[in-house]
Structures are given as C-alpha cells and as structure tokens.
Amino acid sequence: MTDELLIEQVVSAHRERSLDGAVKSHPAWHDLDEAGRERAFAAALEQRALEAALAKDGVTTTVAAVLRRITQGR
Amino acid sequence: MSEALTDERTELAAIARGDVDAFARWASAVERSLRLSLQRFAASVDVEVVVQETLLRVWQVAPRFVHDGRPRALLRFATTAAHHVALGELRRLGTTGALVALEDAPEPAVDPRPPDPHLRQAIVGCHEKLPDKPKAALAARLHSRGAEDDAALGQTLGMSLNTFLQNVTRARAALKACLEKLGIDVSAEALP
C-alpha cells in the first residue's frame, strides 16, 4: 500500500480498542515513517476542519467517536 | 467576573453534571487547539489516539475539576493531560530518544477559534459539487462518525479498501481545490 493510502487510513477517527478499553494506534500509522506521520497529522487537521463544517452539529468524527464511547459506557 | 468566564463556568458545571451535549460543545470548540498542542509529537505517537484518550479523561475528571478562576481552565487542564497521555504513549512504544527530546518541551498556548459561518458556507457549497464516488466515500466516513473501519465502509459502497481510500483522498483534494478558487486555504485554516 502506498504512503498516500496509509496516510488516508490514519486520518480516519476509527480506532480499535484494547481489552482494557484503551484506544489503540492505527496499524497504518506504524507503517509510516516520520515524514509520513507528520503528513497524516496535517491531513487530519484539514479533515477535521472540513468535518466540523459539514456536520450539522459541528461535531467531528473524533468528538463523535468519544461521545459514542461515553454514552455506551453509561 | 467577565461574561466569557461566567459562560465557561456555566458550561463546566453542566459537563460536571454529566451533560453530554455540553461536553460535545466544549470538545468541538477545543479539539483543534488540543490537536495542535500535540504537533511536536506527530512523528512519534498516533495523535488521534492521544486526542480521543484525552477527551475521555477530561469527561471522567470533570465532576471533580476545580476551576482556577482563569480563562479556559478546562482547556489548559486538557492540554496538560494530552501532554501526559502523549508521553505515556511514547513510553509504551519504547521511543526513549523522542521522550528525552519532548518531555520538557513547553506546551504551546493555542486559543480556540469560534466557527466561521462564511467558511462553513463555502465548504458546504464545494461539497455539493464533488463527483459522486468521492462524495459518497467522504459521506460514509462522516456518517460513520469513527464507528467503522474503512474496509467496512468501502464494502457498504461496493468499493475495495484501496478504492475507498482513493476516493476519500480525492474528495478532500477536490474540496481544497474548490475552496482555493474562492481564496480559502484549508491548510492555513487548520493551522494556527
């Protein structure tokens, strides 16, 4: 898989959780070198800015993932 | 006490009472600031993990959080918490070289920015113009709200993982190009 596609996966807010409930790093993140990880960071910033504008409630996928975990944990 | 500080205390009290909507508003307002505070960790830890874990910790600590009387108390607390979560991730990954370099680094102060209605309008307008497949792939990501991985999202659209990822990338590139024609640089909007 190319760096571009690895970066796109890292931009996603989806993360698996470990058995103890901790959020796990994306497998694609581990396959990137330092420059690729920094590009993924910049792309995620852009993506979240776009998401906040496109979501009616202004909630990005990151915040939505956290909210889902909070409400499921109740 | 200033009006902004009164509003902040009111919002914080709501979060402490377990008001998820209040927490969603606060988290949406500070997410960019929090993420930017982690920029120096970007090569060493998966920043998405740190942001999500930090927001969860803030939610858990909020009922016991004591406001120090200065503006943006919860954001300052969250920034410090994010720093500790990132250092914990570094230790877990065994990245000791980076740890030495990052442990004492000062935490940057990044103020939250209110949403810009004109920017939002421009982004929505450009989104309308996206070609079908990139638009569908981006929509799948947005509607999933981080619940499903990209392979599963691609499957719902009849796309392989690679095709799905290519379409999301194309969607973002096309949005950026459309916004640039309107004189808006998304990269600049996302950064301080």
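A quick yes/no check of all residues on (1) of a type outside the set (Asp, Glu); (2) touching a strand residue (DSSP E or B) at 6+ places or on another chain (Cβ under 9 Å); (3) more than 7 Å from chain B (Cβ to nearest Cβ); (4) touching a residue at least 60 places away in the same chain (Cβ under 8 Å):
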| position | (1), (2), (3), (4) |
| --- | --- |
| A:Glu4 | no, no, no, no |
| A:His26 | yes, no, no, no |
| A:Asp33 | no, no, yes, no |
| A:Ala43 | yes, no, yes, no |
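Filtering segment A:49-69 to residues that are within 7 Å of another protein chain (Cβ to nearest Cβ) and of a type outside the set (A, V, I, L, M) leaves A:Glu51, A:Gly58, A:Thr60, A:Thr61, A:Thr62, A:Arg68, A:Arg69. Screening B:Val20, B:Val61 for residues that are over 30 Å from A:Gly36 (Cβ atoms), more than 10 Å from chain A (Cβ to nearest Cβ) and of a type in the set (A, V, I, L, M, F, W, C) leaves exactly one candidate, B:Val61. Inspect segment B:8-21 for any residue being assigned to a loop (DSSP other than H, G, I, E, B), polar (S, T, N, Q) and out of contact with any Pro (no Cβ under 6 Å at 6 or more places or on another chain) and give the result as yes or no. No. In segment B:40-59, which residues are in contact (Cβ under 8 Å) with a residue 60 or more places away in the chain and surrounded by fewer than 20 Cβ atoms within 10 Å (Cβ to Cβ)? If the condition is that a residue be in contact (Cβ under 8 Å) with a residue 60 or more places away in the chain and surrounded by fewer than 20 Cβ atoms within 10 Å (Cβ to Cβ), then B:Arg40 is the only one that fits. Counting only helices (runs of 4 or more DSSP H) wholly contained in chain A, the ones carrying 3 or more residues that are basic (Lys, Arg) occupy A:34-54.
Please work out if B:Ala137 is surrounded by fewer than 20 Cβ atoms within 10 Å (Cβ to Cβ) and in a helix (DSSP H, G or I). For B:Ala137, the condition - surrounded by fewer than 20 Cβ atoms within 10 Å (Cβ to Cβ) and in a helix (DSSP H, G or I) - is not met.
Every number here is computed from the coordinates shown, using simple stated rules; none is lab data. Predicted, not measured: the structure shown is a model, and the values here were computed from it. Cβ atoms come from the backbone with ideal geometry, glycine included; neighbour counts cover every protein chain shown.
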